Structures are given as structure tokens and as C-alpha cells.
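Just so you know, all these numbers are worked out from the coordinates, no wet-lab data involved. Here the structure is a predicted model, which means the values were calculated and not measured. Cβ: placed from backbone, ideal geometry, glycine included. Neighbour counts: every protein chain shown.
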Amino acid sequence: MSAQQELNIDRWNEGEEIPISLSGFPSESLAILRFDLEIQGFEIVEKDQASYSLLGIQGGRLEAHLTHTRGGDIIFRKAYPNGNQRRKVHALSNDVVEAVFGYKGIAHTLVSFRGKVNGYWEIFVSDFDGYNARQVTRDSSNVAAPTWVPDQLALYYTTYKVGGPNIISHDLRSGNRQRITRNSGLNTSAALSSKSNRLAMILSKSGSPDLYVANKDGSAEIRLTRTREVEACPCWSPDGKTLCFTSGAQGGARLFTMPASGGRARRLKTGAVGGEITEPDWSPDGKWIAFTSMTGGVGRICVMGTSGGEAIVLTQGEDPSWAPNSRNLVFMRKKNGRKTLSVLDVPTKQVKDIRQTARDQSQPSWAK
């Protein structure tokens, strides 16, 4: 079976959109619902073409019921009294996704990213659709590679404010920041395993940038690679046993995996997809690796199985990061001379831009 068949048939039922009709909602709620549902595998159609019908019931609060169009069986009827209108509609869309697909929707999830403010890259956090964005850093100094601490409202990122590129942990609730690295040279690309609580990072204190693992506070560093090439962009398998990263060890940036305890690095082949292969991200369900393929300065978002093989090109862009549902990706693409963030539904290849906070935005990370 080809990678294309595996991607479409085994995981997502051939990537077909689920037809659903929407009625009875005010325009603001309808726009939010349309965004949420279309980016998660639904197609908004007229009722006579729909498999499901979602009816809004007007009153002082949001109330809706979801039915099978054929037969009229009510799947759920529910009121949403709490929160502002956007949050209530997100809750409704989450319920629709779970009722139809059997897994949780993503409408209440968060993304972090960097945005350019007064010439500097600063950290931002927003809802998955770009709304309710808030600026996390105001350092007037560049930051890079924000990534979430699993299951916490906290980030790791690289800052140039404290004497060169160093890794910082940042608790978003308290505002407390802790310096994780104090090495000379490059300290970047932090990634914390949700399973082992171990921190992967790229350090150049021994010469060329190599892959290290450490405790989550940066202590007890262990060097995993010893090449003359540049290692970069580590990410963890969900079970915390394996790391995927990029290296130029065999000519040009390629993907490799390695046991987190150390050992031999194994190259992941990407089939006909060539160019510089970088920025891998392992899906939370453990089945897929998304990455960027750069050719002639143009990035392409790709996905393949975790053992390598024939990768699939999804769209132009860079910096892919998986959603908790292992179905959607947030990524950066260039439009009209700007760097913008977009969300991609992998099986249908539906792409939607999220709300723009800064003129340029890049390096998104989806909270999991």
C-alpha cells in the first residue's frame, strides 16, 4: 500500500469532507462555526445535500441541536450559557467534531508563535484561530523557536537578551522566567517530552551544533551526536523513546531518528521529496512526521509515516506543528511579502489563514 493510500484510507476515510448544513445562527456565530468546522473536515452545504444538520435556537443564550439529515435522529441538543460568544461557539464546534468523528475538537486549543514588533521578534500566544492574541515578551530583543511545555501553560524558547542565544523557560501564569542554558555558543531548539519529561536541545559548546538531552531544568546534559555537521530541530516521539532531528551529515539537511538514550542515528528517506529537509514534528498519535522541504527558497509542508518512505506534499509553507488531534497543522506561509500563519486540514488539504496580530509571524507551536 502506498503512503498516499495509507494517509487517506487507513487514517481518514479517503479525506472526504463531511457535508453539514448550518441554520439559525447570527452572522458572527456562523462565521466562527464555518471556520472551525471547515478546517476540521466538514463542508458547509444546503440541507438537502447534508449528512448532518446543525440548527441554532435563538434566545438569550447559545443553544443548538445536531441531527442526522436522513431520518432526523437528534444526536445532541445542548445550551452554552457560559463565556463570551466566540468561546461558546468554539465549544459547540468541539461537540460537533466529537459527535461525528469521535475525538475532541481543537477550537479551545492555543498556539504560540513569534511576531515582529518594532523590528524585533517577540513571543505571542493566541487561540488556534489567531484571536485573543497576547504578547508574552517585551524584551526588544529577538526570540526564536517557542515550544510548549506539555499539558502546562508554559513555554521554552531561545532568547538573545541574556548574552547570546540561550534557552529560557517561561511560566505564562506567573510570568516567571528561568534561564535553562549557560553555555557559550549556540543554545536553541528546546523540546520537552510529554512522556519522559526530558529536554532535547541543540548546543554548540563542543564545536559544531549537536543534539543533547537533559533534565527539564537543563541539568545533567548528555551529548547524543558527535558530527561535524549541523544538527537542528529535535522533536520527540509521543512515547518519549525516540528523537527525530535534522542533520547535514550525509550532504544537505536530512531527517534522522535516534534512541533518546543514545545510539546510532538512522536516516529517514522521504522518497521523491527532496531539497533541504528540516523542521520535523511528530504527530501526537505517533503515526506521522510533518516537515518542511526547502527547494530554491520555497518551502513545502510534507507528511510521511514515522519509518520514512514516500512523503506527501500538502501545500507551500514552513514551520509545521501538529494539533492535538493529529489531523491539523499550523504553519507559516508567505503572502504579499508578509509571513503569515495558517491552519491546514491534512486529509482534505483545506487551508485557512488565522487572524494576524503582527505584520510578520512565524515559528508556530500548537499546545498539546
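Structural remarks
- Only Lys, Arg (+1) and Asp, Glu (-1) charged, at Cβ; the stretch 17-101 dipole about Cα centre in debye: 380 debye
- Sorting the segments 65-72, 83-90 by their residues' average number of neighbouring beta-carbon atoms within 10 angstrom, most packed first, yields 83-90, 65-72.
- Using R0 = 51 Å, the C-beta based FRET efficiency linking N176 and K269 works out to 0.75.
- Total charge dipole magnitude, the stretch 200-303, about the Cα centre, Cβ charges on Lys, Arg, Asp, Glu only, Debye to nearest 20: 360 debye
- Net charge of Cβ neighbours under 10 Å - reference Q363; Lys, Arg +1; Asp, Glu -1: -1
- Inter-label distance for D360 and I222, nm, one decimal - labels placed 7 Å from Cα along Cα-to-Cβ: 3.9 nm
- Shape class of the stretch 84-191 from the Cα gyration tensor (axes a ≥ b ≥ c, square roots of the eigenvalues): prolate, since a/c reaches 1.5 or more and a/b is larger than b/c.
- Positive-end ranking of S204, Q85, G56 along the dipole of the chain, with charges on Cβ about the Cα centre, is headed by S204.
- 3J(HN,Hα) couplings calculated from phi for the stretch 305-310 with the Karplus curve 6.51 cos²θ - 1.76 cosθ + 1.60 (θ = phi - 60°) are, in sequence order, x, 6, 8, x, x, 7 Hz; Gly and Pro show x.
- Summed side-chain charge close to S261 - residues other than S261 whose Cβ falls under 12 Å, Lys, Arg +1, Asp, Glu -1: +3
- Signed unit charges on C-beta, dipole axis of the chain, positive-most listed residue P364, L30, V346: P364
- Rounded, prolate or oblate (a/c below 1.5 giving rounded, otherwise prolate when a/b exceeds b/c) for the stretch 110-366 by Cα gyration tensor: rounded
- Here the dipole of the chain is about 1260 debye; that uses its Cα centre as origin and unit charges on the Cβ of Lys and Arg (positive) and Asp and Glu (negative).
- Protection proxy ranking of 269-281, 323-335, 219-231 - average other beta-carbon atoms within 10 Å, highest first: 323-335, 269-281, 219-231
- Checking the Cα-Cα distances for K47/K349; K205/K352; K116/K352; K287/K334; K241/K352 against a 32 Å cut-off, the pairs over it are K205/K352; K241/K352.
- Long-range HN-HN contacts of L224 with modeled amide H, under 5 Å: L211, Y212, V213
- Summary value for the chain: 12 percent relative contact order, contacts being C-alpha pairs under 8 angstrom separated by 6+ residues.
- Positive contributions from Lys and Arg (+1) and negative ones from Asp and Glu (-1), summed over other residues with Cβ under 14 Å from the Cβ of D210, come out at +1.
- Cβ-derived FRET efficiency at R0 25 Å, R138 paired with H108, nearest 0.05: 0.40
- Spin-label pair K116/H68, simplified geometry with 7 Å Cα→Cβ offset, distance in nm: 5.3 nm
- GNM flexibility winner over the chain from A99, A260, A191 (Cα, springs under 10 Å): A99
- Three-way shape call for the stretch 17-101 based on the alpha-carbon gyration tensor, with the a/c threshold at 1.5: prolate
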